[in-house]
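Here's the structure we're looking at; comments come further down.
The values are calculated or read from the model by the stated rules, or taken from the named source; none is laboratory data. None of the values given here were measured: they were computed from a predicted structure. Positions of Cβ are generated from backbone atoms using ideal geometry, with glycine treated the same way; all protein chains shown enter the neighbour counts. Remember, those area values only see protein heavy atoms, side chains included, never the ligands or the DNA or RNA. Shrake-Rupley method; radii C 1.70, N 1.55, O 1.52, S 1.80 Å.
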Amino acid sequence: LNMTEEKFVLDTLAGCTEYKSMLDVVVDAFYVQDGRYCPISERNLYIVICYLATFQLEELGFQHFSSIVKSLDTAKMQKFLRFFFNDLYLKTWIKDEWSHFYDSEYVKENWIDPLLRWQPKVQQLIEKLTDKLSNRTTTVKTSKVTQPKEFNLTVPKPRAVPPPLPAPLPVLAKRQPVPSSIYKPPKERKQLEEIKTKNLQKAKDLLLKANTNRFRCATIKPEKREGTILTGREVVPFLLQYLEVAWKSVLRQYFEELQIDNIPIKLNTAAILRESALYQRKMEEELKRIENLQQGAGDPSEFLEWQKQMRGKDLEEQLAEIECRRLQGKLSHEEAVLAHQNVIQENKKKAGLLREEKAELMHQYAEKRLQEQKEMKELVEQVVEGHKNVKQVKTKLQEYKQQIVQQVCEESGELLRQALEEEEDKYKKRYELIQQIRAIESTPSIRHKFVDLTETGGHGLFGEMSIVELRERLALLKEAQKAAEEEKRDQIIHEKQAKEQLILDKLEQISQFRAELGRAAALKQEEKKKSQSGERPVKDERILNLQKKIVEKTMERKKQAGLL
């Protein structure tokens, strides 16, 4: 680019960035209203044209501006200029939006008024662009031009059109073969069957263990078994209780087999204190239980029965409350339906009243419009009469302006003279002050001051002291602080040793508790093994008898059901 072109481009770019907020207002409104179908990539084009029209039109000149516009797309420029140079838009919302950034008077004088002055010429440019779009050319008087005639040549014969080629035959698409997975059973079924067999085997193993390792309390003594005959309803809870006891015995035996004694575990201080507190609490609970047994603790069955009755009453009250709430819900639903119907009727009445009011208002509006039309006619007549006396008013206004200019020039000359006199007085005073300051600076001054560290400042304060005394006191304070720190360090060491001794005592106590618990568990396990080895055949026989009785009872129940 040339120097002038480069300067113009840089000035345009700087102006677009400086006045970006103002230009965005116009371009955003254009995209919302008239440029809904314009691509967003052309936004910068509209910003540059808006900047040139607003700020550079007088410097460029209308001819250069129109050449820039004509070099661009005709439809886009015609649409944007018609939107931007709209008289109503410039006077209303564009002026208001720009007044948010600058003063309204400044906006009107510097930007809105120049745009309105250029509007007629821009309107002619817009009309030219519209004519160009509609392919209308202006009629220009030109001289007659000679029109050439065609030569009388022999017309060639038309060539024969070759016959069309036959259409190709359609080829069928190759079909896909049937997948082989249709003729094979799915893998999921095989996996499910394997899982079922595994679960069945596990259940059988668990039932075998439960039957072999059941508790002694689950068996019935022969004396009681001979005298009692259980019905079908009594057998079911008995069997459930038996299965629960057997399952617990299997789980207990499993966990006892997994238990490993004497595992070395590294405990920290918190774990040692926690375990010590646990054993202490267990010991206190055991002592309390023994005391309660010695004093003769009662049977809690009566309390449990009373508790069951009270819970039943509470349940009945809750059911009654729920029923009341349900009925209240029904009642509120009915009331809501009635209220909805009443609201619909009221709305209908209000709609009728609103229609009547609307008709009255329309009648009043029509009368008002007629009155306004009459007033406008009168105003037009007055304006026409006022145009006749415009020349006289212009001459009077010009004379009045000349008088005002003369008065202003005279007043400004007096004000300038007074301002010059005041400035001269200020400069004289400043010169005198500078001379005084220089005289003070030229006088010699004693810069070195001798300080005695043993003397006080002499300010008259209670705690006033010399620097030497202050240093001595600071040394004494440091020695006292060191002694306090040593004492505190010794105290912390003693406390730490006491805590370590306490933890060692707790560890010894825990090891004793663990040893006692291990012995008790070993004795209990030996007794259990002896009892299981001695009573296993008896338990097996009793289980077989119970199974036979259960089969008999089920057969009887089925027979009775068939008879019924």
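In this structure, is GLN435 open to solvent by 90 Å² or more (accessible area, probe 1.4 Å) and of a type in the set (S, T, N, Q)?
On the way: open to solvent by 90 Å² or more (accessible area, probe 1.4 Å): no; of a type in the set (S, T, N, Q): yes.
In short, no.
Please verify whether LEU502 is of a type outside the set (Asp, Glu) and exposed (fewer than 10 other Cβ atoms within 10 Å of the Cβ), treating the condition exactly as stated. When the stated conditions are applied, LEU502 does not pass them.
The numbered conditions (1) under 35 Å from the mean Cα position of the chain (by Cα); (2) aromatic (Phe, Trp, Tyr); (3) open to solvent by less than 10 Å² (accessible area, probe 1.4 Å) are all true for PHE85 except (1). Selection of first residues in region 79-103 that are without any contact (Cβ under 8 Å) to a residue 60 or more places away in the chain and of second residues that are among the hydroxyl-bearing types (Ser, Thr, Tyr) and part of a helix (DSSP H, G or I), restricted to Cβ pairs under 8 Å at least 6 apart or on distinct chains, gives the following pairs, ordered by first then second residue: PHE80/TYR46; PHE83/TYR89; LYS95/SER104.
The set of residues from region 172-199 being open to solvent by less than 100 Å² (accessible area, probe 1.4 Å), among the hydrophobic types (A, V, I, L, M, F, W, C) and modelled with pLDDT of 80 or more comprises VAL178, ILE195. Inside region 5-45, residues that are modelled with pLDDT under 85, assigned to a helix (DSSP H, G or I) and open to solvent by 90 Å² or more (accessible area, probe 1.4 Å) make up a count of 0.
Does LEU169 qualify as being more than 17 Å from LEU57 (Cβ to Cβ), loosely packed, with under 10 Cβ neighbours inside 10 Å and modelled with pLDDT of 85 or more?
Working: more than 17 Å from LEU57 (Cβ to Cβ): yes; loosely packed, with under 10 Cβ neighbours inside 10 Å: yes; modelled with pLDDT of 85 or more: no.
It is false that LEU169 is more than 17 Å from LEU57 (Cβ to Cβ), loosely packed, with under 10 Cβ neighbours inside 10 Å and modelled with pLDDT of 85 or more.
Checking each residue in region 511-543 for being farther than 30 Å from LEU273 by Cα, at pLDDT 65 or above and of a type in the set (D, E, K, R) picks out GLU526, GLU527, LYS528, LYS529, LYS530.
Condition check ((1) modelled with pLDDT of 80 or more; (2) open to solvent by 100 Å² or more (accessible area, probe 1.4 Å); (3) touching a strand residue (DSSP E or B) at 6+ places or on another chain (Cβ under 8 Å); (4) of a type in the set (Val, Ile, Thr)) across all residues:
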{"residue": "ASN135", "(1), (2), (3), (4)": "no, yes, no, no"}
{"residue": "VAL140", "(1), (2), (3), (4)": "no, yes, no, yes"}
{"residue": "PHE151", "(1), (2), (3), (4)": "yes, yes, no, no"}
{"residue": "ARG159", "(1), (2), (3), (4)": "no, yes, no, no"}
{"residue": "PRO163", "(1), (2), (3), (4)": "no, yes, no, no"}
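The set of residues in region 177-192 that are outside any helix (DSSP H, G or I) and either in contact (Cβ under 8 Å) with a residue 12 or more places away in the chain or not hydrophobic (A, V, I, L, M, F, W, C) (or both) comprises PRO177, PRO179, LYS184, PRO185, PRO186. One residue stands out in region 441-483 among those that are modelled with pLDDT of 80 or more and β-branched (Val, Ile, Thr): the one that is nearest to the chain's Cα centre (by Cα), namely ILE467. Taking the criterion of being within 43 Å of the chain's Cα centre (by Cα) and surrounded by fewer than 12 Cβ atoms within 10 Å (Cβ to Cβ), the only residue of region 102-124 that qualifies is ASP103.
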